[in-house]
Structure formats: structure tokens, C-alpha cells
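A.B. asks: To start, I am sharing the structure in question, which I have written as C-alpha cells.
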Amino acid sequence: MPPRVDGAGKNGSMASNESGPTPRRDFEVSLTKPSETIDVAEWAGSIPQVGGTPPHVRVGRRWINLLWSIPIAVVLVVVLVAVAKGLRNMPSVAHFVHRYPGTIAPNPHPAYLGLPSWLRWQHFFNLFFMAFIIRSGVQILADHPRLYWTRHSTPGREWLRFQKPVPPDPMWTAKQDSVKLPGQVGLPGIRHSIGLARWWHFTFDVLFLLNGAVFYALLFATPQWQRIVPTTWKVFPSAGSVALQYLSLQWPYNHGWVAYNGLQLISYFVTVFVAAPLALLTGLGQSPAVSNRLTPISHHLSSQVARSIHFLVLCWFLVFIFMHTAMVWTTGLLTNLNHITLGNDTSSWAGFGLYVVWMAIVVAAWIAATPFTLRHPRVVQRVGATVTGPVQGLFEHIDPNPRQYTEADISPHFWLNGRMPDSDEFRRLVDTRFADYRLHVYGLVAHPRDFTLDELRSMPHQEQITQHFCIQGWSGVAKWGGVPMRDLLALVEPAADARYVVFYSFGEGSDGGTYYDVHPLELMYRELSLLALEMNGEPLPVAHGAPIRLRNEVELGFKQVKWIRAIEVVAEFRHIGGGHGGYNEDHEFFGYRQAI
Ligand SMILES: Nc1nc2c(c(=O)[nH]1)N[C@H]1C(S)=C(S)[C@@H](COP(=O)(O)O)O[C@H]1N2
Ligand SMILES: [Mo]
């Protein structure tokens, strides 16, 4: 559809346009209103609900199906049990177990006994939050079901995948690479639902972290910390002895009311003081704003390494939850449940009753979460943005260092994403090497103007080697060359009430209607905010956004609009498209601010 050139704008920003030489071009008419509920058949451009593969791990050039680990683990356990049973018949081992029975009992001061009510409540909240963090986390992984140890995301070089090898098709996009999870595993459980999954993940992360902060504080304000912080080296032989006792199928005596055994001590300590903080750090390590700023760290521990470790932390939590629950059930279920629910040391059924209620709440919320998300995605988006928006906003203001990467860091493969423009107008522009291309810059500016590519090429030129972070999880380093946004803005002079900049594309989004995205004007003056005309020293390839794409290095990939046809400066964006600040924000419930 040709742009409207009649100046009949609907955002009331006419005043500053009329003074300019170029008539106002209203690209808003080609925007579409998004749906407010999710119809799975039409979701994300009717993406087919196709699943992935069993996990495969790469060893050198070979890919091994991890389902093999199940029979291997069974055989291993049988062998270990046999070995443990044999060992326990040896006098020296019997002596060792006698010397280190498992629990290093502290002074049984009354303050050490049992679990106080704050701890029992926090345990429940923790369990509830973790359930949703894990579910939504797995959903996020499914949007790019590959893990890497380098920042490059090169197909074939991943160490783990839940997807077939990347097909040789040069136009294969990251969106096509996403997989569907079984509905009750992922949250929301449909393909390419990462925008919504992230809101669940981040919202419950904040709750989990607040709960954890209170837990840390109260733990050390009371003697409770002594339950899970080892204070003697004896914890190691004790843990070994306990492991041997379990493996020989003779359970050690359970002193849980008074103190934990060595194995429990170590696993609780690692979970609370290693795994949980590591989850937070590796989560933040995937943020473009954080990673681009903390280059001394992120140069080695790139966002992909952070993502891989984040996944391994998930594995730790899953194993921990499984073992923990198995132990609760097999080492005196009723007493154990009374400890953690009612805080008494009896074997009545009351604690079991409360446990059933707890679990019923978790299961009910688990079952309701997907239907709720599909019916009220806008609510999920709004709540998520309210809870985590302030943090995201804060991260935008960690100024990234320019040119932190070198030519040697440039990624051999840069994934493609998005839907190529397919209009005749664009095809003609490509055929004529964009000779008739004009970049329309208008809105709340003193001097609205159309730029030819040659004019843009003759403007101040900047090069930057930066890392691109797709919301889906892949990343890539490239050298971008072009016109700094601050130089373009200096020419058109935004009005005093200008606050946002809208980038309109030649391309459509996956549900049809023009792809666009909104950025705060303030971020456009950053050193690295660039209209890129070149990629890796060559004219920008069409697939990567020719003739022009945006670079704003503190934000995720979907905000880097490709195939830019117009830039509008506005005071607010509620009236543009669906009003949420961009195409993916409108249609796929992403966040307008995505510095994480
Ligand atoms: N016009 C337009 N721009 C777009 C998109 C799109 O779909 N349409 N996708 C975005 C997303 S999700 C990403 S990750 C990057 C991908 O850029 P690349 O294809 O150069 O890797 O472009 C962004 N810009
Ligand atoms: Mo993306």
C-alpha cells in the first residue's frame, strides 16, 4: 500500500510538520490492530504447532540422543548399589560408617529444633514460584532450542539441541527453528510464545528473589543458618557415608528435626547459596544492556555461556527437587511433612493434609496458567511490565561501551529473523539498488525531510562491532556501519515535546500489517544508536534489512527494525498500531522496554 501523503494525521502533531518542506506521510494507516486473545491456530502468523526432538548432545562431531542416558543410568544405579553393598561388608568401611554416621549433630539447643513458621511459609512460596519459573523457563528455551559455549550461535556448533540440525536453507529463520512443547510442560505451551513466557518467568523471578532475600535475612538473623551451612570439614566424610548408606539400601537415621546429614547439608547449601545466585547472575548475563556494559566479564562469559550455565542450573534444580521429594517420601513421610508444614515432630496425618492442600494449590494454578494466558495475554503482559519494567528501565541506563569487540570476534554465522518485505514497491527498489529510495523523517520535528541513500552515505559515518541479542536466545557479533541517529536528529531537530521515535518498515509482521517499533528519543542520542547501511564492511544484505536497519545496542533484536522506510518523531505512542510500542509488543505481547 502506498503511504498516505495527505497530511491528515491522527496524532495531533501537525503543528511542527506544516513548517517543513515535505508533506507529512502517515505510515500509521498500514498498521493493524492486534488480537486481544490468542487463537492457537492463528498465533504468530499461523505458525504450525510442531515439536522438537529428544535432547541431543554433541561430542566432537557426533550427536548422541540423551534418551540413552535413561537405560545407562538404570544400569549405573544397579552397579553402584552392588558395589556399595559389597563395600559395606568390608571392616574398614564399616568402621568409617560407624565413625561418620551421617549427621554431625549440633548442640541440641531448643532454638535449633524444628522449623519456624516463617521458614515453612517461605518454603511453600518458594516451591510455588519455582514451579512457574521452571515451566516458563523451559518455554523460553524452546524458542531457540540450541545451547552454545561461544557467543556465536553457529549452526552445528551447539553442544545441546532439542531440534533437528539446522537445514541448509540460507533463509531459515530463528522463528522457524522454534519448537512447540507439550501444553502442560511449557507455559503458555504453544510455539514461539516467548514474549508471554518471559513475563511469567520475570514476574515469578522477582517474587522468588524477594522471598529469597527475606529468607537469607531471617536465616542469618536466627540460628537457622546452621542447618544448611556446613561449619566443619566432617561434612564431606559424613556426606560420603550417607551416600554409601543410601546406595547400599540401608537408610541412615533421620535426625531432620534436629539437624541434617552431611549429604543434605551440602545439597541444601549448594542449592541456596550457589545455584540460586548463579541463576540470577546467568539470567542477567543474557541481558544486552548488562552484557554490553560488563565486557571484562562478558568477553569470556558471553551471553551464550550464561544461557548454557542457566540451563545447567535448571538441571540441578530438577535433580534436587526430584531427590528432595523422593527423600521426603521414603525417610518417614508423615514426620517429615509435619516438620515442614505444621512445625511439629509428630507422625500425625495433619501435616500430610496440609501438604495435599499445598500441592492442590500448585496443581490448580499450574493447570489454569495456560488457559488464563491464552484468554488474557494482555493482562500477563501488563502485570509483567509493571513488576519488571522499572528494572528493565534501569538497565537501559547502563551505558554500553562502544567497539568492545574486534574484527576477530565477528560471528561466522548471523541468524536471520523476521518476514521479508514482499511488496512490488520493495522488489522494484531492490532491483534498482535502492536508487529511488527515500527515508522519510517526519513528525514532531522542525525540518521534516526525505533522505536519499547517497545523502545518508555522505553524512558522518560510524562503525561499531557489537553483539546482537535475539529475544529467542541466539546472538551474533557483527560490524555495523552507518549514520549515528544523533546526527540525523540534529538535522531534523525534534520539537520540545518529542519523546519517542517510531521506525516503520517496508516489511510486514507475521500477522500482516506494517512492522514497526518505538524507541525513547533519549536513547537515540546514545553513542551506539545507529542507522546501519553496512554489515561487516559490505552494503547491508537485503535479508539483514537493506537499505537501512536500526541498531540500539541496549535492547533486544526485535527492536532493531529492518528495511526502514520512515522515521516518525512523536510525543506518545498509544495511538500507533495496537499502542504497545511495536509490532511484536502489539501482536506477540513482548515488552516495549527489553533491556533484559
Ligand atoms: N521489519 C522487521 N524488522 C525486524 C524483524 C522483523 O520481523 N521485521 N525481526 C526482528 C528480530 S526478532 C530480530 S532478532 C532481528 C534479526 O535481524 P537479522 O535477521 O539481521 O539477524 O531483526 C529484527 N527486525
Ligand atoms: Mo528476535
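A.B. asks: Can you tell me which residue within segment 398-423, out of those that are outside any loop (DSSP other than H, G, I, E, B) and in contact (Cβ under 8 Å) with a residue 60 or more places away in the chain, is farthest from ligand 2 (Cβ to nearest atom)?
C.D. replies: Result: Glu407.
A.B. asks: Given Glu527, Glu555, which one is more than 10 Å from ligand 1 (Cβ to nearest atom), buried (at least 24 other Cβ atoms within 10 Å of the Cβ), at pLDDT below 95 and part of a loop (DSSP other than H, G, I, E, B)?
C.D. replies: Glu555
A.B. asks: Could you grab the pairs with beta carbons closer than 7 Å, sequence gap of 6+ or different chains, first residue in segment 494-517 and near ligand 1 (Cβ under 8 Å from one of its atoms), second one of a type in the set (Lys, Arg) and assigned to a strand (DSSP E or B)?
C.D. replies: Cβ pairs passing all conditions: Ser505/Arg565; Phe506/Arg565.
A.B. asks: Let me ask another. Failed condition for Glu538, given (1) within 27 Å of Ser30 (Cα to Cα); (2) without any contact (Cβ under 8 Å) to a residue 12 or more places away in the chain, with all others met?
C.D. replies: All conditions pass for Glu538, except number (1).
A.B. asks: Scan segment 224-257 residue by residue and report those that are more than 36 Å from the chain's Cα centre (by Cα) and within 16 Å of Arg120 (Cα to Cα).
C.D. replies: Scanning segment 224-257 gives Gly256, Trp257.
A.B. asks: Test each condition in (1) part of a strand (DSSP E or B); (2) surrounded by 23 or more Cβ atoms within 10 Å (Cβ to Cβ); (3) under 27 Å from the mean Cα position of the chain (by Cα) for Gln464 and report the one that comes out false.
C.D. replies: The failed condition is (2).
A.B. asks: Sticking with this structure for a sec: If you take the residues of segment 558-596 that are part of a loop (DSSP other than H, G, I, E, B) and β-branched (Val, Ile, Thr), which of them is nearest to ligand 1 (Cβ to nearest atom)?
C.D. replies: Top of the filtered list is Val561.
A.B. asks: Of all helices (runs of 4 or more DSSP H) completely enclosed by segment 168-272, which ones contain at least 3 residues that are modelled with pLDDT of 95 or more? Full working, then the answer.
C.D. replies: Values: elements: 174-177, 194-221, 225-228, 235-247, 262-269.
By residue number, 174-177, 194-221, 235-247, 262-269.
A.B. asks: Which one of these is assigned to a loop (DSSP other than H, G, I, E, B), among the hydrophobic types (A, V, I, L, M, F, W, C) and touching a residue at least 60 places away in the same chain (Cβ under 8 Å): Phe434, Phe426, Phe395?
C.D. replies: None of the other options fit; the residue is Phe434.
A.B. asks: Residue check, Asp454 against (1) out of contact with any Pro (no Cβ under 9 Å at 6 or more places or on another chain); (2) of a type in the set (Asp, Glu); (3) more than 16 Å from Gln560 (Cβ to Cβ); (4) touching a residue at least 40 places away in the same chain (Cβ under 8 Å), all met but one. Which one?
C.D. replies: Of the numbered conditions (1) out of contact with any Pro (no Cβ under 9 Å at 6 or more places or on another chain); (2) of a type in the set (Asp, Glu); (3) more than 16 Å from Gln560 (Cβ to Cβ); (4) touching a residue at least 40 places away in the same chain (Cβ under 8 Å), the odd one out for Asp454 is (4).
A.B. asks: Taking segment 406-428 only, how many residues are more than 14 Å from ligand 1 (Cβ to nearest atom) and more than 33 Å from the chain's Cα centre (by Cα)?
C.D. replies: 4
A.B. asks: When you scan segment 412-423, do you find a residue that is touching a Leu at 6+ places or on another chain (Cβ under 8 Å) and modelled with pLDDT of 95 or more, even just one?
C.D. replies: Going residue by residue through segment 412-423, those that are touching a Leu at 6+ places or on another chain (Cβ under 8 Å) are none.
Checked segment 412-423: no residue is touching a Leu at 6+ places or on another chain (Cβ under 8 Å) and modelled with pLDDT of 95 or more.
The values are calculated or read from the model by the stated rules, or taken from the named source; none is laboratory data. None of the values given here were measured: they were computed from a predicted structure. Cβ coordinates were reconstructed from backbone atoms using ideal geometry, including for glycine residues, and neighbour counts include every protein chain displayed.
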